[in-house]
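Contents: one structure, followed by commentary.
The values are calculated or read from the model by the stated rules, or taken from the named source; none is laboratory data. Remember, predicted model here, so these are calculated numbers, not experimental data. Heads up, the Cβs are rebuilt from the backbone with ideal geometry, glycines too, and the neighbour counts pull from every protein chain shown. The protein model used for the area step is the full one, side chains on, heavy atoms only, and it has no ligands, DNA or RNA in it. Shrake-Rupley method; radii C 1.70, N 1.55, O 1.52, S 1.80 Å.
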Amino acid sequence: MAPAKIRGGLNVMFQLAISYGVLIANLINYGTSKAKPWGWRLSLGLAAVPSSMLTFGSLLLSDTPNSLIERGYLKEGQNVLQRIRGVSEVNVEFSDLVEASRLANQVKHPFQNILERRNRPQFTMALFIPFFQQMTGINVITFYAPEFFQTIGFGSSSSLYSAVILGIFPIIGLKILIWKVDKWGRRGPFIWGGFLMFICQVSIGSILGIKFTGTSELSKGWAVVIMILMCIYVLGFICSWGALGGLIPSEIFPLDIRPAGQSLNVSIQLFFIFAVAQVFLSMFCHMRYGIFFFFGGWVAVMTIFVYLFLPETMNVPIEQMVHVWQQHWYWKKFFINNGDVSPNMDGELKV
């Protein structure tokens, strides 16, 4: 539904809402931990409040113009488009949506079509982006921050407090990104965010390897240094893979394979969230400080991947996104051989 020029910022607002929720949940956990022995019941029960708000709020939502048009409700789709754009003159965009919907409705097997050669770039991103997002190691911090901080020397209350601190930095980073993502683009934050994460993970692993034996508590000074590095790491993550890992898949799929592409992307993301959560504690016990070098290595790989294979998608209307792939140095070959584009006399791609 978002206009191309502010699509990135609006998409990041979704992640910002999640971060506020995480921070509030951590504050509730910190507060209810003081009410023993029934505080955990209150903490768990309060989760019913936002879920109820979400359920009843969904009743107020209208369908998107794309969905209405695709199901044949052209007039209703045009009315919704006029309402969300705030203007009555939407004929050009409406015509593009109708044409894109017409082409999409000709597709009978979207999950089969996503495997076609012409959709190889989007299919690759649907696989690798959610996989890489979980291999940043962010879940080892968000899931186990209290246990980790307690292990390196913070008390039980201090560990919860440290987890709350970690929850503040995503909000700071996302507010910056909302303001700048449609000016900075997508590739830039991915690359410098990956650089920040890599430096922090290597630094944390090195400090733990040298200063923390596992048989005694880490000194308070070094524990504070690690907490600061983790905060910087979270800031780098949220400004790159945290927010953009959801933004990119939402804007790269053409209408004919969008349901299949989004389903594939979310399924892979949820699978690896589950897998990492299950194996992390065992990995942490066996690898100890080496786990940060493990995830740091993956961050280096995914940053190189973005630099080489992810084109810039900023300010490109979704119905015209295919041209971005057709002009990319690597992905263009999948279209040239498919007959969708051909080089002109000057060697440039002609769509």
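Please list, ordered by residue number, the helices (runs of 4 or more DSSP H) wholly in region 240-331 having 3 or more residues that are over 30 Å from I207 (Cα atoms), more than 20 Å from the chain's Cα centre (by Cα) and not aromatic (F, W, Y). First the steps, then the outcome.
Numbers: elements: 243-252, 258-287, 290-309, 322-326.
Where helices (runs of 4 or more DSSP H) fall fully within region 240-331 and carry at least 3 residues being over 30 Å from I207 (Cα atoms), more than 20 Å from the chain's Cα centre (by Cα) and not aromatic (F, W, Y), they are 322-326.
Kindly evaluate F132 against the criterion of being open to solvent by less than 50 Å² (accessible area, probe 1.4 Å) and of a type in the set (A, V, I, L, M, F, W, C).
Yes: the conditions hold for F132.
From the list G246, G236, G290, exactly one residue is more than 26 Å from P110 (Cα to Cα), open to solvent by 10 Å² or more (accessible area, probe 1.4 Å) and among the small types (G, A, S). Which is it?
Working: G246 fails: more than 26 Å from P110 (Cα to Cα); G236 fails: open to solvent by 10 Å² or more (accessible area, probe 1.4 Å).
So the residue among G246, G236, G290 that is more than 26 Å from P110 (Cα to Cα), open to solvent by 10 Å² or more (accessible area, probe 1.4 Å) and among the small types (G, A, S) is G290.
When both residues are 6+ apart or on different chains and their Cβ atoms are under 6 Å apart, which pairs have a first residue that lies in region 56-68 and is without any contact (Cβ under 8 Å) to a residue 60 or more places away in the chain, and a second that is not in a loop (DSSP other than H, G, I, E, B)?
Once the first residue is without any contact (Cβ under 8 Å) to a residue 60 or more places away in the chain and sits in region 56-68, its partners that are not in a loop (DSSP other than H, G, I, E, B) give S62/V80; L68/E76; L68/G77.
Taking E251, is it at pLDDT below 90, buried (at least 16 other Cβ atoms within 10 Å of the Cβ) and not small (G, A, S)?
Judged against the criteria, E251 is a match.
Residue-wise test of (1) of a type in the set (A, V, I, L, M); (2) touching a Pro at 6+ places or on another chain (Cβ under 6 Å); (3) within 30 Å of F335 (Cα to Cα); (4) at pLDDT 70 or above.
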| position | (1), (2), (3), (4) |
| --- | --- |
| N119 | no, no, yes, yes |
| Q122 | no, no, yes, yes |
| L127 | yes, no, yes, yes |
| E147 | no, no, no, no |
| G155 | no, no, no, no |
| G173 | no, no, no, yes |
| G185 | no, no, yes, yes |
| F190 | no, no, yes, yes |
| I199 | yes, no, no, yes |
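What number goes with the only condition from (1) in a helix (DSSP H, G or I); (2) among the aliphatic types (A, V, I, L, M); (3) open to solvent by 40 Å² or more (accessible area, probe 1.4 Å); (4) farther than 30 Å from F237 by Cα that L61 does not pass?
Among (1) in a helix (DSSP H, G or I); (2) among the aliphatic types (A, V, I, L, M); (3) open to solvent by 40 Å² or more (accessible area, probe 1.4 Å); (4) farther than 30 Å from F237 by Cα, L61 violates only (1).
Quick one: which of L127, L81 is touching a helix residue (DSSP H, G or I) at 6+ places or on another chain (Cβ under 8 Å), assigned to a helix (DSSP H, G or I) and loosely packed, with under 15 Cβ neighbours inside 10 Å? If you could, list the steps in order and put the result at the bottom.
Numbers: L81 fails: loosely packed, with under 15 Cβ neighbours inside 10 Å.
Answer to the selection: L127.
Taking the condition of being closer than 23 Å to R83 by Cβ and open to solvent by less than 50 Å² (accessible area, probe 1.4 Å), how many residues in region 28-58 meet it?
Result for region 28-58: 1.
Working only within region 166-186, note down all residues that are buried (at least 18 other Cβ atoms within 10 Å of the Cβ), of a type outside the set (D, E) and part of a helix (DSSP H, G or I). Give the derivation first.
Residues of region 166-186 that are buried (at least 18 other Cβ atoms within 10 Å of the Cβ), as a first pass: 166-167, 169-170, 173-174, 177-178, 181-182, 186.
Narrowing the set further to residues that are of a type outside the set (D, E) leaves 166-167, 169-170, 173-174, 177-178, 181, 186.
L166, G167, F169, P170, G173, L174, L177, I178, V181, listed by residue number.
For region 324-351, which residues satisfy the criterion of being modelled with pLDDT of 85 or more and over 18 Å from S250 (Cβ atoms)?
Filtering region 324-351 down to residues modelled with pLDDT of 85 or more leaves 324-334.
Hits for region 324-351 are Q326, Q327, H328, W329, Y330, W331, K332, K333, F334.
Using the structure shown, decide if S67 is surrounded by fewer than 17 Cβ atoms within 10 Å (Cβ to Cβ) and outside any helix (DSSP H, G or I).
Numbers: surrounded by fewer than 17 Cβ atoms within 10 Å (Cβ to Cβ): yes; outside any helix (DSSP H, G or I): no.
No; evaluated as a whole, the condition is false for this residue.
Would you check which residues across region 26-55 are assigned to a helix (DSSP H, G or I) and either in contact (Cβ under 8 Å) with a residue 24 or more places away in the chain or at positive phi (or both) and list them? Let's see the steps before the verdict.
Within region 26-55, the first condition is being assigned to a helix (DSSP H, G or I), and the residues that meet it are 26-32, 39-45, 48-55.
Listed by number, the residues that qualify are N26, L27, N29, Y30, P50.
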